[in-house]
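A.B. asks: Dropping a structure here in structure tokens format, bear with me for questions.
FYI, it's all coordinate maths here, none of it is from the lab. Everything quoted here is computed from the prediction, not taken from an experiment. Here Cβ is always computed from backbone atoms with ideal geometry, including for glycine, and neighbour counts include all displayed protein chains.
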Amino acid sequence: MMKLAFFLWFCFLFCVIGASHEGDYRDTFCNFKNDGVYADPYDGCKGFIHCHNYHADYKLCPGGLLFNAKTGMCDWPGNVTCPIGVLDCEVGIVGGGISGLYMAYMLLKTKKESKVCIFEKDPNLGGRIRDYHFKQAPKVDIGLGAWRIDKLHFIMIDLLKELGITHREWSFVEPSLIESRGVKANNHEAIKQAYPTLRAHPLFGRMTSSQLLSHACKPEHIANVDSYATVDTYFSNILIPEAAEYLSELYGYKGDYTDFIAPKSYMEFTEMSMKLSDKYIRPTGGMSTIISTLKNKVEAMGGKIFTSTGIRSLFKDGANFVLITPKLRVNSRKIIVATPPVQFRAINGSTAKRIQDTPQFDSIQPIPAFKGAAVYSNAWWEKIRVAGSPVLPGQKFISYSNCLGISMAHRGKGTNGEGVLHTMYSDGACSRRWADIANLKKNFLNAEVHRALEKKYGTKIPTPLETAYQYWDSAWHFQKPGTPYSMVDISNWAKRPFPGENIFVVGEAFHPYRGWCEGSIESSQNALKDGWGIHIGVTARAEGRTAQKEELSQLIRSKSMARA
């Protein structure tokens, strides 16, 4: 035993293989350490860090030995209990939303890759696709994330067919109910009576809401759109401030005006939106059916999925990328970033920082949203009227007077006739307000939402049996004011941010179809084509949709503004 110990100590001092490339965490590891030998926290006990004068020197143990932190020496593997494992994946995917799952599915299906690993920090997969089911109404799918698929989202429709997922009609009942400045109506023109300055204007007072939007989107105005800091300043100056306020109240997306959004990117997004149908479908079981189906298929083909496993650091070590999780060091040849910018900024490491520091990545502006739902012993809204109109299932009721935004009764009911209400869908400043209330030490949220609903519907309502809420700090994305990059520029950049390198960035935040699953899938298809030569046949219908050329000011006269 003495000879063995001497041999191990000799190896420890003299026989170790020379220092490998030091990962980012090693660069600062010794900054506050005394001179000595320490276990490397993320290498799976394959080596150790020697600190001397606050400088880190990493060395590998020889001959298959592992570093034993208890003895401070390289030792036989049987004597070492390592706190972190090592995993080799050909492709490491950061994020288990629809884009990350789709990337894994396609790579495995086409047999372009065989070792694909997905890492998701949340307990559940799906990203911003999240459905909830009240126990009193288990067949009612509550969309606390993405709601629907437009009937002109042919790539998503084709994906549903490929995955064998059925769907149902999910278009909204028109017209929407609206409240603004105390006036309730089921049409935009009647709401205008709450805006006397707008009504008195010699030009704009005679325009409908569509005509106001159309006027603001005329080519001669859009030509100077870069002269304005935000969407609100653009509309306030091209029209008048009260016209901008009026428009901001009508569609359920007031955050377009309260948040700092580059007007140019907003026009780019609006043009894409205006080419959609305004008619929708929803997968049977909710949007989460797509996620569960992709998960099952990925795992059936040998893909590894790790939930509750956030990535702490991403860096390059030799020819490999290294992903550090709380319990794993993951070595990958290729990296796919499939997470929104806000979440990705929480990841350390030189490769992560390199992506984060690009002006393209930094140009993306996240928009928050807050959603809520409640189940009641009965559908109380069926007994009331708003502005003389009944409240119909599937009909939006839009009001920002109390920051609830969109409320909507669901079409289905509970097992004993319970009613399900989407209590709120707010964005921008209002969503941040609800998030702040939700984070207070005292639980004010249910009481505040209840009071706001009573004001909104103008009646006393029963206490809900159960409630559910979800805050998204980045529900969808635009571009920051002053950025030189269009959303098309971002899409072209993201498919391979660094030419020739195996780094790919995917998701709706990196595609012109911001806020839609269609954008997530198209973004992924761009990366699959560039990185693996996988050409997915785009249907002629989808190509025709993209190729439509019509002046935005004309398109906008007959369309509504929508977000997934």
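A.B. asks: Among DSSP bridges having both ends in the chain, what percentage is antiparallel? Round to the nearest 5.
C.D. replies: Working: 60 of 86 bridges.
Here the antiparallel bridges make up roughly 70 percent for the chain.
A.B. asks: Further question on the same structure: Angle check, please: helix 288-300 long axis (alpha carbons) against the longest principal axis of the chain (alpha carbons), in degrees 0 to 90, nearest 10.
C.D. replies: Helix 288-300 and the main axis of the chain meet at about 20 degrees.
A.B. asks: Taking the highest mean first, how do the peptides 295-304, 138-147 order by number of other beta carbon atoms within 10 angstrom per residue? Kindly include the intermediate steps, with their values, before the conclusion.
C.D. replies: Values: 295-304: 16.5, 138-147: 20.7.
Descending mean neighbour count gives 138-147, 295-304.
A.B. asks: Using +1 on the beta carbon of Lys and Arg, -1 on that of Asp and Glu, and nothing else charged, what's the dipole of the stretch 25-84 about the Cα centre, debye to 20?
C.D. replies: Numbers: 5 positive and 6 negative charges, 16 e Å.
For this selection, approximately 80 debye.
A.B. asks: Now a separate question. Straight-line reach from Lys109: which aspartates and glutamates fall under 14 Å, measuring Cα to Cα and dropping same-chain residues less than 8 apart?
C.D. replies: Hits, sequence-local ones excluded: Glu162, Glu299.
A.B. asks: Grab the other residues whose beta carbon is less than 15 angstrom from that of Tyr469, score K and R as +1, D and E as -1, and report the net. Write down the numbers at each step before the final one.
C.D. replies: Values: positive: Arg128, Arg130, Lys371, Arg432, Arg433; negative: Asp131, Asp427, Asp436, Glu448, Glu466, Asp473.
Its environment carries a net charge of -1.
A.B. asks: Cα to Cα, under 20 Å, and not fewer than 8 places away if on the same chain: which aspartates and glutamates meet these conditions relative to Lys135?
C.D. replies: Glu418, Glu466
A.B. asks: Once you have all Cα-Cα distances for the stretch 25-84, histogram them in 5 Å bins from zero and send the whole-percent values.
C.D. replies: Going from the shortest bin to the longest, the percentages are 4, 23, 30, 23, 13, 6, 1.
A.B. asks: Determine which aspartates and glutamates satisfy two conditions relative to Lys334: a Cα distance under 18 Å, and not lying fewer than 8 residues away in the same chain.
C.D. replies: Asp88, Glu90, Glu113, Glu120, Asp317, Glu501, Asp530
A.B. asks: Projected onto the charge dipole of the chain (+1 at Lys/Arg Cβ, -1 at Asp/Glu Cβ, origin at the Cα centre), which of Gly458, Ile290, Tyr266 gives the Cα projection farthest towards the positive end?
C.D. replies: Gly458
A.B. asks: Filter the trypsin sites (Lys or Arg not before Pro) in the stretch 85-133 down to the DSSP loop ones having no more than 13 other Cβ atoms within 10 Å, then list what survives. List each step's numbers first, then the result.
C.D. replies: Numbers: sites: Lys109, Lys111, Lys112, Lys115, Lys121, Arg128, Arg130; in loops: Lys111, Lys112, Lys115, Lys121, Arg128, Arg130.
Answer in residue order: Lys111.
A.B. asks: Step through the residues of the stretch 337-353 one at a time and calculate ³J(HN,Hα) from phi using the Karplus curve (6.51 cos²θ - 1.76 cosθ + 1.60, θ = phi - 60°), rounding each to whole Hz and writing x for Gly and Pro.
C.D. replies: For the stretch 337-353, the Karplus curve yields 8, 10, 9, x, x, 4, 5, 5, 5, 7, 8, 8, x, 5, 5, 4, 5 Hz.
A.B. asks: Checking the table Lys442/Lys480; Lys139/Lys279; Lys112/Lys151 against a 28 Å threshold on Cα-Cα, which pairs fail?
C.D. replies: Details: Lys442/Lys480 35 Å; Lys139/Lys279 23 Å; Lys112/Lys151 31 Å.
Where the Cα-Cα span goes over 28 Å, the pairs concerned are Lys442/Lys480; Lys112/Lys151.
A.B. asks: Continuing with the same structure: With +1 assigned to the C-beta of every Lys and Arg and -1 to the C-beta of every Asp and Glu, and no other charges, what is the dipole magnitude of the chain about the Cα centre in debye, to the nearest 20?
C.D. replies: 1200
A.B. asks: Let me ask another. What residues qualify as long-range amide H neighbours of Ser171, i.e. H under 5 Å apart, gap of 5 or more or another chain, H built at 1.01 Å from N?
C.D. replies: Residues meeting the criterion, in which the H sits 1.01 Å from N, are Tyr280.
A.B. asks: Give the label of the value calculated from the structure for volume of the Cα convex hull per residue in Å³, choosing from (1) 177; (2) 216; (3) 287.
C.D. replies: Recomputing volume of the Cα convex hull per residue in Å³ here picks out (1).
A.B. asks: If you don't mind, there's one more thing I want to ask. If you take the charge dipole of the stretch 85-140 about its Cα centre, with +1 on Lys and Arg Cβ and -1 on Asp and Glu Cβ, which of Leu107, His133, Gly92 is farthest toward its positive end?
C.D. replies: The residue sitting most towards the positive pole is His133.
A.B. asks: If R₀ is 41 angstrom, what is the calculated FRET efficiency for the pair Thr415 and Ser350, using the beta carbon separation as r and rounding to 0.05?
C.D. replies: Working: r = 55 Å, r/R0 = 1.33.
My answer for the efficiency is 0.15.
A.B. asks: Tabulate in residue order the Karplus-calculated ³J(HN,Hα) for the stretch 317-330, using 6.51 cos²θ - 1.76 cosθ + 1.60 with θ = phi - 60°, rounded to whole Hz; enter x for Gly and Pro.
C.D. replies: Per-residue couplings from phi come out as 9, x, 7, 9, 8, 10, 10, 9, 10, x, 10, 9, 10, 10 Hz.
A.B. asks: Exceeding 19 Å between C-alpha atoms, which entries from my cross-link table qualify? They are Lys254/Lys371; Lys115/Lys295; Lys59/Lys121. Mind dumping the intermediate values first?
C.D. replies: On the way: Lys254/Lys371 14 Å; Lys115/Lys295 15 Å; Lys59/Lys121 31 Å.
Exceeds cut-off: Lys59/Lys121.
A.B. asks: Follow-up question, since we're still on this one. Spelling out what I want: for every residue of the stretch 464-477, take phi, set θ = phi - 60°, compute 6.51 cos²θ - 1.76 cosθ + 1.60 (Karplus), and round to whole Hz; glycine and proline get x.
C.D. replies: Using θ = phi - 60°, the values come out as x, 6, 7, 10, 8, 9, 8, 9, 10, 6, 9, 6, 8, 9 Hz.
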